[in-house]
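What follows is a single structure, written as C-alpha coordinates, with notes after it.
The values are calculated or read from the model by the stated rules, or taken from the named source; none is laboratory data. The shown structure was predicted, so the numbers you read here are calculated from the model rather than taken from an experiment. Here the Cβ is made from the backbone with ideal geometry for all residues, glycine too, and neighbour counts use every protein chain on show. Accessible surface areas use protein heavy atoms only, side chains included; no ligands, DNA or RNA. Shrake-Rupley method; radii C 1.70, N 1.55, O 1.52, S 1.80 Å.
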Amino acid sequence: MGSNNCQENQHTKVLLVTLAAQGHLNPILRLGNSLASKGLHVTLANTHSALKNWSTDAKSVGNIHLEFFSDGLPIDYDRKADIDRYMDTLKKFGPVNLLALIRSHQSKFACIIFTAFLPWVADVAAEVGVPSAMLWIQPCTLYQIYHRYYNKLDEFPSESSPDTNVKLPGLPCFRAEELPSFVLPTNNSHMLGGILDEVFHNMHKVKWVLGNTFMELEKDVITCMNNDGHVFWPVGPIVPATVFDKKDDIVFDLFKSDGKNDCLEWLNTQKPSSVVYISFGTLLFLSEKEIESIALGLKNTKQPFLWVIRPKENQQVPKLDILDEIKDQGLIVNWSPQTEVLSHPSVGCFLSHCGWNSLLESIAAGVPVIACPRWTDQPTNAKMVTDVWGVGVKMMNDSEAGFISGGEVERCVQEVMNGPRSDELKRNAIELKTAARQAVSDDGSSDKNIQMFVDEVSSSYSLSE
Ligand code: UDP
(Lines give C-alpha, C1' and ligand atoms only; values in the text may rest on other atoms or scores of the structure.)
Protein backbone atom coordinates (compact mmCIF):
# COMPACT_ATOMS: atom_id res chain seq x y z
CA MET A 1 0.00 0.00 0.00
CA GLY A 2 1.30 3.45 -0.86
CA SER A 3 1.90 6.38 1.39
CA ASN A 4 -1.11 8.18 2.77
CA ASN A 5 1.04 10.78 4.39
CA CYS A 6 0.14 14.31 3.33
CA GLN A 7 3.53 15.69 4.34
CA GLU A 8 5.44 13.37 2.03
CA ASN A 9 3.70 14.46 -1.17
CA GLN A 10 3.17 18.09 -0.36
CA HIS A 11 5.73 19.34 -2.87
CA THR A 12 4.20 17.27 -5.68
CA LYS A 13 2.16 19.67 -7.79
CA VAL A 14 -0.48 18.52 -10.27
CA LEU A 15 -2.45 20.62 -12.71
CA LEU A 16 -6.08 19.96 -13.65
CA VAL A 17 -7.45 21.33 -16.93
CA THR A 18 -11.09 21.18 -17.98
CA LEU A 19 -13.90 22.79 -19.94
CA ALA A 20 -16.08 25.18 -17.94
CA ALA A 21 -19.05 22.81 -18.25
CA GLN A 22 -20.89 21.42 -15.24
CA GLY A 23 -20.50 17.75 -16.24
CA HIS A 24 -16.72 18.16 -16.70
CA LEU A 25 -15.84 20.57 -13.96
CA ASN A 26 -17.60 18.83 -11.07
CA PRO A 27 -15.99 15.39 -11.52
CA ILE A 28 -12.50 16.87 -11.93
CA LEU A 29 -12.97 19.18 -8.91
CA ARG A 30 -14.00 16.18 -6.80
CA LEU A 31 -11.07 14.13 -8.09
CA GLY A 32 -8.80 17.10 -7.30
CA ASN A 33 -10.20 17.14 -3.79
CA SER A 34 -9.34 13.46 -3.32
CA LEU A 35 -5.82 14.02 -4.68
CA ALA A 36 -5.36 16.96 -2.32
CA SER A 37 -6.60 14.89 0.61
CA LYS A 38 -3.87 12.37 -0.23
CA GLY A 39 -1.31 15.14 -0.03
CA LEU A 40 -0.85 16.47 -3.58
CA HIS A 41 -0.74 20.19 -4.26
CA VAL A 42 -3.58 20.69 -6.76
CA THR A 43 -4.14 23.61 -9.15
CA LEU A 44 -7.11 23.88 -11.51
CA ALA A 45 -6.56 25.82 -14.71
CA ASN A 46 -9.83 26.93 -16.22
CA THR A 47 -10.79 29.27 -19.01
CA HIS A 48 -11.70 32.84 -18.16
CA SER A 49 -15.30 32.12 -19.12
CA ALA A 50 -15.67 30.12 -15.87
CA LEU A 51 -15.07 33.38 -14.01
CA LYS A 52 -18.65 34.31 -14.82
CA ASN A 53 -19.69 31.59 -12.37
CA TRP A 54 -17.08 32.16 -9.71
CA SER A 55 -16.42 35.42 -7.98
CA THR A 56 -13.75 37.27 -9.96
CA ASP A 57 -11.25 37.22 -7.09
CA ALA A 58 -11.69 33.51 -6.34
CA LYS A 59 -8.27 32.02 -5.62
CA SER A 60 -9.30 28.58 -4.49
CA VAL A 61 -12.20 26.19 -4.18
CA GLY A 62 -11.91 23.70 -1.31
CA ASN A 63 -8.20 22.97 -1.15
CA ILE A 64 -7.71 23.43 -4.91
CA HIS A 65 -5.91 26.53 -6.20
CA LEU A 66 -7.58 28.27 -9.13
CA GLU A 67 -5.88 29.82 -12.15
CA PHE A 68 -7.37 31.05 -15.38
CA PHE A 69 -6.31 31.28 -19.02
CA SER A 70 -8.03 32.81 -22.01
CA ASP A 71 -9.89 30.70 -24.58
CA GLY A 72 -9.45 33.56 -27.08
CA LEU A 73 -12.99 34.96 -26.75
CA PRO A 74 -14.26 37.92 -24.69
CA ILE A 75 -15.55 36.85 -21.23
CA ASP A 76 -19.12 37.90 -22.05
CA TYR A 77 -19.25 36.07 -25.39
CA ASP A 78 -22.17 33.60 -25.42
CA ARG A 79 -20.27 30.35 -25.92
CA LYS A 80 -23.40 28.19 -25.88
CA ALA A 81 -24.80 30.10 -28.89
CA ASP A 82 -22.04 28.81 -31.19
CA ILE A 83 -20.31 25.80 -29.65
CA ASP A 84 -18.40 25.03 -32.88
CA ARG A 85 -16.79 28.47 -32.91
CA TYR A 86 -16.04 28.21 -29.19
CA MET A 87 -14.32 24.83 -29.51
CA ASP A 88 -12.36 26.00 -32.59
CA THR A 89 -11.14 29.15 -30.85
CA LEU A 90 -10.28 27.22 -27.71
CA LYS A 91 -8.24 24.74 -29.74
CA LYS A 92 -6.36 27.61 -31.39
CA PHE A 93 -5.67 29.82 -28.35
CA GLY A 94 -5.95 27.32 -25.49
CA PRO A 95 -2.57 25.60 -26.05
CA VAL A 96 -0.58 28.86 -26.24
CA ASN A 97 -2.26 30.38 -23.20
CA LEU A 98 -2.08 27.20 -21.13
CA LEU A 99 1.60 26.85 -22.00
CA ALA A 100 2.22 30.41 -20.78
CA LEU A 101 0.37 29.65 -17.54
CA ILE A 102 2.44 26.50 -16.96
CA ARG A 103 5.70 28.32 -17.71
CA SER A 104 4.80 31.09 -15.27
CA HIS A 105 5.17 28.52 -12.46
CA GLN A 106 8.65 28.27 -11.02
CA SER A 107 8.45 24.64 -10.01
CA LYS A 108 7.44 21.91 -12.39
CA PHE A 109 4.08 20.10 -12.36
CA ALA A 110 4.34 16.36 -11.77
CA CYS A 111 1.31 15.58 -13.92
CA ILE A 112 -1.34 17.35 -15.99
CA ILE A 113 -4.82 15.82 -15.70
CA PHE A 114 -7.47 16.85 -18.21
CA THR A 115 -11.02 15.89 -19.15
CA ALA A 116 -11.93 14.45 -22.57
CA PHE A 117 -12.78 16.98 -25.33
CA LEU A 118 -9.45 18.74 -24.74
CA PRO A 119 -7.09 16.43 -26.66
CA TRP A 120 -4.58 19.24 -27.21
CA VAL A 121 -3.71 19.29 -23.49
CA ALA A 122 -1.73 16.05 -24.04
CA ASP A 123 0.41 17.93 -26.60
CA VAL A 124 1.00 20.82 -24.22
CA ALA A 125 2.04 18.35 -21.48
CA ALA A 126 4.43 16.60 -23.88
CA GLU A 127 5.92 19.96 -24.87
CA VAL A 128 6.79 20.81 -21.26
CA GLY A 129 7.96 17.23 -20.58
CA VAL A 130 5.24 16.44 -18.02
CA PRO A 131 3.26 13.14 -18.04
CA SER A 132 -0.47 13.50 -18.56
CA ALA A 133 -3.59 11.69 -17.38
CA MET A 134 -7.08 11.90 -18.76
CA LEU A 135 -10.16 11.86 -16.54
CA TRP A 136 -12.67 9.89 -18.63
CA ILE A 137 -16.12 11.05 -17.51
CA GLN A 138 -18.16 8.26 -19.07
CA PRO A 139 -18.22 4.49 -18.44
CA CYS A 140 -15.27 2.33 -19.50
CA THR A 141 -17.73 0.66 -21.92
CA LEU A 142 -17.83 3.89 -23.94
CA TYR A 143 -14.05 4.24 -23.82
CA GLN A 144 -13.68 0.75 -25.28
CA ILE A 145 -16.29 1.37 -28.01
CA TYR A 146 -14.71 4.68 -29.09
CA HIS A 147 -11.19 3.26 -28.91
CA ARG A 148 -12.13 0.41 -31.23
CA TYR A 149 -14.24 2.58 -33.54
CA TYR A 150 -11.86 5.51 -34.04
CA ASN A 151 -8.85 3.21 -34.40
CA LYS A 152 -10.81 1.10 -36.92
CA LEU A 153 -10.28 -2.16 -35.04
CA ASP A 154 -13.74 -3.66 -35.72
CA GLU A 155 -16.62 -3.39 -38.11
CA PHE A 156 -19.29 -0.88 -37.10
CA PRO A 157 -22.63 0.00 -38.72
CA SER A 158 -22.13 1.87 -42.00
CA GLU A 159 -24.37 3.41 -44.64
CA SER A 160 -24.28 0.19 -46.64
CA SER A 161 -24.94 -2.04 -43.59
CA PRO A 162 -26.62 0.14 -40.96
CA ASP A 163 -27.84 -2.83 -38.91
CA THR A 164 -24.47 -4.45 -38.17
CA ASN A 165 -24.29 -5.88 -34.63
CA VAL A 166 -21.08 -5.11 -32.77
CA LYS A 167 -19.31 -7.51 -30.36
CA LEU A 168 -16.22 -6.05 -28.68
CA PRO A 169 -13.85 -7.54 -26.07
CA GLY A 170 -15.27 -7.40 -22.55
CA LEU A 171 -18.70 -6.20 -23.69
CA PRO A 172 -22.07 -7.69 -24.63
CA CYS A 173 -23.21 -7.70 -28.26
CA PHE A 174 -24.67 -4.30 -29.21
CA ARG A 175 -27.36 -3.70 -31.82
CA ALA A 176 -26.85 -0.51 -33.83
CA GLU A 177 -29.45 1.46 -31.85
CA GLU A 178 -27.66 0.55 -28.60
CA LEU A 179 -24.38 2.13 -29.71
CA PRO A 180 -23.40 5.75 -28.98
CA SER A 181 -24.81 8.07 -31.64
CA PHE A 182 -21.34 9.33 -32.69
CA VAL A 183 -20.32 5.94 -34.14
CA LEU A 184 -23.42 5.56 -36.31
CA PRO A 185 -23.71 6.54 -39.98
CA THR A 186 -26.65 8.75 -38.96
CA ASN A 187 -24.42 10.87 -36.65
CA ASN A 188 -24.89 14.54 -37.43
CA SER A 189 -22.78 16.00 -34.66
CA HIS A 190 -19.55 16.20 -36.62
CA MET A 191 -17.87 18.62 -34.25
CA LEU A 192 -18.15 16.35 -31.17
CA GLY A 193 -17.42 13.21 -33.22
CA GLY A 194 -14.35 14.98 -34.65
CA ILE A 195 -13.06 15.84 -31.17
CA LEU A 196 -13.47 12.22 -30.02
CA ASP A 197 -11.59 11.12 -33.13
CA GLU A 198 -8.71 13.41 -32.11
CA VAL A 199 -8.88 12.21 -28.49
CA PHE A 200 -8.51 8.57 -29.49
CA HIS A 201 -5.66 9.31 -31.87
CA ASN A 202 -3.81 11.20 -29.17
CA MET A 203 -4.18 8.61 -26.40
CA HIS A 204 -0.67 7.19 -26.93
CA LYS A 205 0.61 10.47 -25.44
CA VAL A 206 -1.41 9.95 -22.24
CA LYS A 207 0.10 7.85 -19.44
CA TRP A 208 -2.98 7.14 -17.30
CA VAL A 209 -6.73 7.11 -17.90
CA LEU A 210 -8.70 7.65 -14.69
CA GLY A 211 -12.30 6.55 -15.21
CA ASN A 212 -15.41 7.86 -13.46
CA THR A 213 -16.65 4.33 -12.89
CA PHE A 214 -15.77 1.51 -10.51
CA MET A 215 -14.27 -1.93 -10.93
CA GLU A 216 -17.25 -3.82 -9.51
CA LEU A 217 -19.54 -2.16 -12.09
CA GLU A 218 -17.49 -2.79 -15.25
CA LYS A 219 -15.03 -5.50 -14.30
CA ASP A 220 -15.01 -7.39 -17.63
CA VAL A 221 -14.33 -4.44 -19.87
CA ILE A 222 -11.88 -2.73 -17.49
CA THR A 223 -9.88 -5.96 -17.11
CA CYS A 224 -9.91 -6.48 -20.87
CA MET A 225 -8.63 -2.95 -21.54
CA ASN A 226 -5.83 -3.27 -19.00
CA ASN A 227 -4.83 -6.71 -20.38
CA ASP A 228 -4.73 -5.06 -23.80
CA GLY A 229 -2.03 -2.60 -22.66
CA HIS A 230 -4.19 0.37 -21.63
CA VAL A 231 -3.75 1.95 -18.23
CA PHE A 232 -7.41 2.47 -17.31
CA TRP A 233 -7.89 2.93 -13.57
CA PRO A 234 -11.44 3.33 -12.26
CA VAL A 235 -11.58 5.98 -9.52
CA GLY A 236 -15.33 6.49 -9.12
CA PRO A 237 -18.13 6.82 -8.67
CA ILE A 238 -17.21 10.50 -8.51
CA VAL A 239 -20.60 11.84 -7.43
CA PRO A 240 -21.73 14.59 -5.05
CA ALA A 241 -20.86 13.76 -1.45
CA THR A 242 -24.55 14.07 -0.53
CA VAL A 243 -25.16 10.70 -2.26
CA PHE A 244 -22.93 9.13 0.37
CA ASP A 245 -24.59 11.15 3.16
CA LYS A 246 -21.51 13.35 3.48
CA LYS A 247 -21.76 17.12 3.72
CA ASP A 248 -18.30 18.24 2.59
CA ASP A 249 -19.05 18.59 -1.11
CA ILE A 250 -17.25 20.73 -3.64
CA VAL A 251 -19.53 21.89 -6.41
CA PHE A 252 -19.78 24.21 -9.37
CA ASP A 253 -23.48 24.82 -10.02
CA LEU A 254 -24.53 26.37 -13.30
CA PHE A 255 -28.20 26.15 -12.46
CA LYS A 256 -30.19 27.54 -9.58
CA SER A 257 -31.77 25.03 -7.22
CA ASP A 258 -34.71 27.23 -6.27
CA GLY A 259 -36.89 24.18 -5.70
CA LYS A 260 -34.60 22.51 -3.14
CA ASN A 261 -36.75 22.88 -0.09
CA ASP A 262 -40.01 22.35 -1.98
CA CYS A 263 -38.76 19.04 -3.33
CA LEU A 264 -37.41 17.66 -0.09
CA GLU A 265 -40.35 18.85 2.01
CA TRP A 266 -42.79 17.38 -0.46
CA LEU A 267 -40.86 14.08 -0.53
CA ASN A 268 -41.08 13.98 3.28
CA THR A 269 -44.87 13.76 2.94
CA GLN A 270 -44.78 10.71 0.62
CA LYS A 271 -44.74 6.99 1.41
CA PRO A 272 -41.43 5.07 1.26
CA SER A 273 -40.34 3.99 -2.27
CA SER A 274 -43.53 5.40 -3.81
CA VAL A 275 -42.34 8.35 -5.91
CA VAL A 276 -41.34 8.26 -9.57
CA TYR A 277 -38.54 10.84 -10.04
CA ILE A 278 -38.23 12.16 -13.61
CA SER A 279 -35.41 14.22 -15.10
CA PHE A 280 -33.77 14.45 -18.54
CA GLY A 281 -30.59 16.21 -17.39
CA THR A 282 -29.37 19.65 -18.37
CA LEU A 283 -29.24 19.50 -22.16
CA LEU A 284 -32.40 17.78 -23.39
CA PHE A 285 -35.75 19.51 -23.73
CA LEU A 286 -38.95 17.50 -24.18
CA SER A 287 -41.49 18.34 -26.88
CA GLU A 288 -45.09 19.08 -25.85
CA LYS A 289 -46.12 15.68 -27.20
CA GLU A 290 -43.52 13.91 -25.06
CA ILE A 291 -44.59 15.86 -21.97
CA GLU A 292 -48.20 14.87 -22.72
CA SER A 293 -47.26 11.18 -23.04
CA ILE A 294 -45.38 11.15 -19.75
CA ALA A 295 -48.20 12.98 -17.98
CA LEU A 296 -50.80 10.58 -19.37
CA GLY A 297 -48.75 7.54 -18.35
CA LEU A 298 -48.26 8.94 -14.83
CA LYS A 299 -51.94 9.73 -14.51
CA ASN A 300 -52.86 6.12 -15.33
CA THR A 301 -50.38 4.69 -12.81
CA LYS A 302 -51.75 6.98 -10.04
CA GLN A 303 -48.22 6.90 -8.66
CA PRO A 304 -46.88 10.09 -6.98
CA PHE A 305 -44.14 11.79 -9.00
CA LEU A 306 -41.46 14.48 -8.79
CA TRP A 307 -40.81 15.78 -12.29
CA VAL A 308 -38.13 18.23 -13.40
CA ILE A 309 -39.33 20.01 -16.53
CA ARG A 310 -36.64 22.41 -17.67
CA PRO A 311 -38.11 25.04 -19.96
CA LYS A 312 -35.83 26.32 -22.73
CA GLU A 313 -34.16 29.63 -21.94
CA ASN A 314 -36.71 32.47 -21.64
CA GLN A 315 -39.60 30.06 -22.14
CA GLN A 316 -42.24 28.61 -19.85
CA VAL A 317 -43.37 25.06 -19.17
CA PRO A 318 -46.18 24.58 -21.73
CA LYS A 319 -49.70 25.01 -20.37
CA LEU A 320 -51.25 21.61 -21.01
CA ASP A 321 -54.61 20.42 -19.68
CA ILE A 322 -53.11 17.07 -18.73
CA LEU A 323 -50.56 18.79 -16.46
CA ASP A 324 -53.44 20.48 -14.67
CA GLU A 325 -55.22 17.17 -14.30
CA ILE A 326 -52.27 15.56 -12.50
CA LYS A 327 -51.16 18.51 -10.40
CA ASP A 328 -52.36 16.98 -7.12
CA GLN A 329 -50.68 13.66 -7.85
CA GLY A 330 -47.12 15.02 -7.80
CA LEU A 331 -44.77 17.98 -7.96
CA ILE A 332 -43.32 19.65 -11.08
CA VAL A 333 -40.20 21.79 -10.63
CA ASN A 334 -37.71 23.31 -13.05
CA TRP A 335 -34.63 22.12 -11.12
CA SER A 336 -34.14 19.67 -8.27
CA PRO A 337 -31.35 18.88 -5.80
CA GLN A 338 -31.05 15.58 -7.66
CA THR A 339 -28.64 13.69 -5.45
CA GLU A 340 -30.60 14.53 -2.32
CA VAL A 341 -33.79 13.53 -4.12
CA LEU A 342 -32.33 10.18 -5.20
CA SER A 343 -31.13 9.50 -1.66
CA HIS A 344 -34.58 10.23 -0.20
CA PRO A 345 -36.41 7.11 1.05
CA SER A 346 -39.65 8.12 -0.70
CA VAL A 347 -38.13 7.77 -4.17
CA GLY A 348 -38.92 4.42 -5.79
CA CYS A 349 -37.51 4.79 -9.29
CA PHE A 350 -35.82 7.25 -11.66
CA LEU A 351 -37.15 7.87 -15.16
CA SER A 352 -33.93 9.14 -16.73
CA HIS A 353 -32.31 10.00 -20.08
CA CYS A 354 -29.32 7.97 -18.78
CA GLY A 355 -26.72 10.75 -18.87
CA TRP A 356 -23.70 9.25 -17.10
CA ASN A 357 -23.79 11.60 -14.09
CA SER A 358 -27.48 10.90 -13.47
CA LEU A 359 -26.98 7.19 -13.88
CA LEU A 360 -24.00 7.01 -11.53
CA GLU A 361 -25.95 9.06 -8.99
CA SER A 362 -28.87 6.62 -9.27
CA ILE A 363 -26.53 3.62 -8.94
CA ALA A 364 -24.78 5.14 -5.93
CA ALA A 365 -28.18 5.84 -4.32
CA GLY A 366 -29.54 2.33 -5.11
CA VAL A 367 -32.53 3.56 -7.15
CA PRO A 368 -33.89 1.42 -10.07
CA VAL A 369 -34.06 3.14 -13.45
CA ILE A 370 -36.54 3.56 -16.30
CA ALA A 371 -34.22 4.31 -19.20
CA CYS A 372 -35.34 6.76 -21.84
CA PRO A 373 -32.11 7.45 -23.78
CA ARG A 374 -31.72 9.85 -26.71
CA TRP A 375 -28.19 10.31 -28.04
CA THR A 376 -24.41 10.23 -27.38
CA ASP A 377 -23.60 7.64 -24.64
CA GLN A 378 -27.19 7.37 -23.37
CA PRO A 379 -28.40 4.41 -25.54
CA THR A 380 -25.33 2.40 -24.51
CA ASN A 381 -25.73 3.29 -20.83
CA ALA A 382 -29.39 2.20 -21.10
CA LYS A 383 -28.33 -1.17 -22.54
CA MET A 384 -26.01 -1.70 -19.55
CA VAL A 385 -28.85 -0.77 -17.15
CA THR A 386 -31.19 -3.39 -18.56
CA ASP A 387 -29.00 -6.21 -19.90
CA VAL A 388 -25.86 -6.16 -17.76
CA TRP A 389 -26.54 -4.52 -14.40
CA GLY A 390 -30.22 -5.57 -14.24
CA VAL A 391 -31.30 -2.39 -12.44
CA GLY A 392 -34.00 -1.15 -14.78
CA VAL A 393 -36.16 -1.34 -17.88
CA LYS A 394 -36.01 0.53 -21.18
CA MET A 395 -38.82 2.68 -22.50
CA MET A 396 -39.44 2.03 -26.18
CA ASN A 397 -40.48 4.67 -28.71
CA ASP A 398 -43.76 4.15 -30.50
CA SER A 399 -42.49 3.01 -33.91
CA GLU A 400 -45.04 5.08 -35.86
CA ALA A 401 -45.08 8.28 -33.84
CA GLY A 402 -41.30 8.17 -33.23
CA PHE A 403 -41.62 9.09 -29.55
CA ILE A 404 -42.84 7.46 -26.34
CA SER A 405 -46.53 6.79 -25.78
CA GLY A 406 -48.54 7.21 -22.56
CA GLY A 407 -49.13 3.44 -22.53
CA GLU A 408 -45.38 2.74 -22.63
CA VAL A 409 -44.72 5.14 -19.75
CA GLU A 410 -47.43 3.38 -17.74
CA ARG A 411 -46.04 -0.08 -18.60
CA CYS A 412 -42.50 0.86 -17.48
CA VAL A 413 -43.56 2.54 -14.24
CA GLN A 414 -45.76 -0.46 -13.32
CA GLU A 415 -43.00 -2.91 -14.18
CA VAL A 416 -40.37 -1.19 -12.03
CA MET A 417 -42.61 -0.22 -9.12
CA ASN A 418 -45.03 -3.15 -8.84
CA GLY A 419 -44.25 -5.74 -11.53
CA PRO A 420 -43.02 -9.33 -11.08
CA ARG A 421 -39.37 -8.19 -11.53
CA SER A 422 -39.68 -5.21 -9.23
CA ASP A 423 -38.04 -6.93 -6.21
CA GLU A 424 -35.19 -8.26 -8.32
CA LEU A 425 -34.48 -4.81 -9.81
CA LYS A 426 -34.46 -3.26 -6.34
CA ARG A 427 -32.18 -6.00 -4.99
CA ASN A 428 -29.70 -5.49 -7.85
CA ALA A 429 -29.80 -1.73 -7.34
CA ILE A 430 -29.04 -2.11 -3.63
CA GLU A 431 -26.16 -4.49 -4.40
CA LEU A 432 -24.61 -1.93 -6.75
CA LYS A 433 -25.14 0.84 -4.19
CA THR A 434 -23.22 -1.19 -1.62
CA ALA A 435 -20.43 -1.92 -4.11
CA ALA A 436 -20.23 1.78 -5.08
CA ARG A 437 -19.83 2.82 -1.44
CA GLN A 438 -17.19 0.19 -0.82
CA ALA A 439 -15.25 1.25 -3.94
CA VAL A 440 -14.77 4.81 -2.66
CA SER A 441 -14.35 4.03 1.01
CA ASP A 442 -10.86 3.76 2.57
CA ASP A 443 -8.98 0.93 0.89
CA GLY A 444 -11.87 0.25 -1.54
CA SER A 445 -10.98 -0.49 -5.19
CA SER A 446 -11.25 3.13 -6.39
CA ASP A 447 -9.57 4.56 -3.30
CA LYS A 448 -6.63 2.19 -3.88
CA ASN A 449 -6.40 3.29 -7.53
CA ILE A 450 -6.29 6.95 -6.51
CA GLN A 451 -3.55 6.15 -4.01
CA MET A 452 -1.64 4.15 -6.64
CA PHE A 453 -1.90 7.12 -9.00
CA VAL A 454 -0.67 9.53 -6.31
CA ASP A 455 2.25 7.22 -5.54
CA GLU A 456 3.24 6.82 -9.21
CA VAL A 457 3.00 10.54 -9.89
CA SER A 458 4.98 11.39 -6.75
CA SER A 459 7.72 8.86 -7.34
CA SER A 460 8.23 9.73 -11.02
CA TYR A 461 8.37 13.37 -9.93
CA SER A 462 11.06 12.74 -7.28
CA LEU A 463 13.12 10.89 -9.91
CA SER A 464 12.83 13.73 -12.43
CA GLU A 465 13.78 16.46 -9.95
N1 UDP B 1 -29.21 17.76 -12.17
C2 UDP B 1 -29.67 18.30 -10.98
N3 UDP B 1 -30.96 18.72 -10.91
C4 UDP B 1 -31.82 18.62 -11.94
C5 UDP B 1 -31.36 18.04 -13.16
C6 UDP B 1 -30.05 17.62 -13.23
O7 UDP B 1 -28.92 18.42 -10.00
O8 UDP B 1 -32.98 19.03 -11.80
C9 UDP B 1 -27.80 17.32 -12.24
C10 UDP B 1 -27.69 15.82 -12.06
O11 UDP B 1 -27.60 15.51 -10.68
C12 UDP B 1 -26.44 15.48 -12.85
C13 UDP B 1 -26.38 16.56 -13.92
O14 UDP B 1 -27.28 17.58 -13.54
O15 UDP B 1 -25.30 15.57 -12.02
C16 UDP B 1 -26.80 16.03 -15.30
O17 UDP B 1 -25.73 15.32 -15.85
P18 UDP B 1 -25.97 14.09 -16.80
O19 UDP B 1 -24.63 13.56 -17.19
O20 UDP B 1 -26.88 13.12 -16.18
O21 UDP B 1 -26.76 14.66 -18.03
P22 UDP B 1 -26.50 15.87 -19.07
O23 UDP B 1 -27.08 17.08 -18.47
O24 UDP B 1 -25.00 15.98 -19.28
O25 UDP B 1 -27.24 15.39 -20.27
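Quick notes
- Leu90 touching an Asp or Glu at 6+ places or on another chain (Cβ under 6 Å), farther than 19 Å from Gln378 by Cα and surrounded by 21 or more Cβ atoms within 10 Å (Cβ to Cβ): yes
- Tallying residues that are away from the ligand (no atom under 13 Å from the Cβ) and open to solvent by less than 40 Å² (accessible area, probe 1.4 Å) within region 336-346 yields 2.
- For first residues located in region 278-294 and free of Cβ contacts under 8 Å to residues at least 60 places away in the same chain, partners that are within 11 Å of the ligand (Cβ to nearest atom) and open to solvent by 40 Å² or more (accessible area, probe 1.4 Å) and lie 6+ apart or on another chain with Cβ distances below 9 Å form the pairs Phe285/Arg310; Leu286/Arg310.
- Leu90 falls short of the stated requirement of being over 21 Å from the mean Cα position of the chain (by Cα), under 27 Å from Gly211 (Cα atoms) and modelled with pLDDT of 95 or more.
- Of all residues in region 272-302, those satisfying the criterion of being of a type outside the set (A, V, I, L, M, F, W, C), within 16 Å of the ligand (Cβ to nearest atom) and more than 13 Å from Gly348 (Cβ to Cβ) are Ser279, Gly281, Thr282, Glu290.
- For region 107-126, the criterion of being of a type outside the set (Phe, Trp, Tyr), at pLDDT below 95 and more than 20 Å from the chain's Cα centre (by Cα) is met by at least one residue.
- Boolean, Asp249 is buried (at least 17 other Cβ atoms within 10 Å of the Cβ), of a type in the set (D, E, K, R) and modelled with pLDDT under 95: yes
- Meets criteria (touching a residue at least 24 places away in the same chain (Cβ under 8 Å) and open to solvent by 50 Å² or more (accessible area, probe 1.4 Å)) for Asp197: yes
- All strands (runs of 3 or more DSSP E) inside region 347-443 with 1 or more residues being of a type outside the set (A, V, I, L, M) and within 15 Å of the ligand (Cβ to nearest atom): 347-352, 392-394
- Restricting attention to region 10-26, the residues that are under 21 Å from the mean Cα position of the chain (by Cα), under 20 Å from His41 (Cα atoms) and either of a type in the set (Val, Ile, Thr) or within 16 Å of the ligand (Cβ to nearest atom) (or both) total 4.
- Ser37, sole failed condition from (1) surrounded by fewer than 22 Cβ atoms within 10 Å (Cβ to Cβ); (2) within 16 Å of the ligand (Cβ to nearest atom); (3) modelled with pLDDT of 85 or more: (2)
- If you check Leu118, Leu135, Leu142, Leu153 for being more than 30 Å from Glu361 (Cβ to Cβ) and not acidic (Asp, Glu), only one passes: Leu153.
- Screening Ile404 against (1) among the aliphatic types (A, V, I, L, M); (2) over 21 Å from the mean Cα position of the chain (by Cα); (3) open to solvent by less than 20 Å² (accessible area, probe 1.4 Å); (4) modelled with pLDDT of 95 or more leaves a single unmet condition, (4).
- With respect to the stated conditions, Ser446 is open to solvent by less than 30 Å² (accessible area, probe 1.4 Å) and not charged (D, E, K, R).
- Condition met for Leu179 (in contact with a strand residue (DSSP E or B) (Cβ under 9 Å, 6 or more places away or on another chain), surrounded by 14 or more Cβ atoms within 10 Å (Cβ to Cβ) and under 20 Å from Leu19 (Cα atoms)): no
- Here is the figure for region 216-237: residues that are part of a loop (DSSP other than H, G, I, E, B) and open to solvent by 20 Å² or more (accessible area, probe 1.4 Å) total 5.
- From Lys167, Lys207, residue being in contact (Cβ under 8 Å) with a residue 60 or more places away in the chain, under 28 Å from Ala436 (Cα atoms) and open to solvent by 60 Å² or more (accessible area, probe 1.4 Å): Lys207
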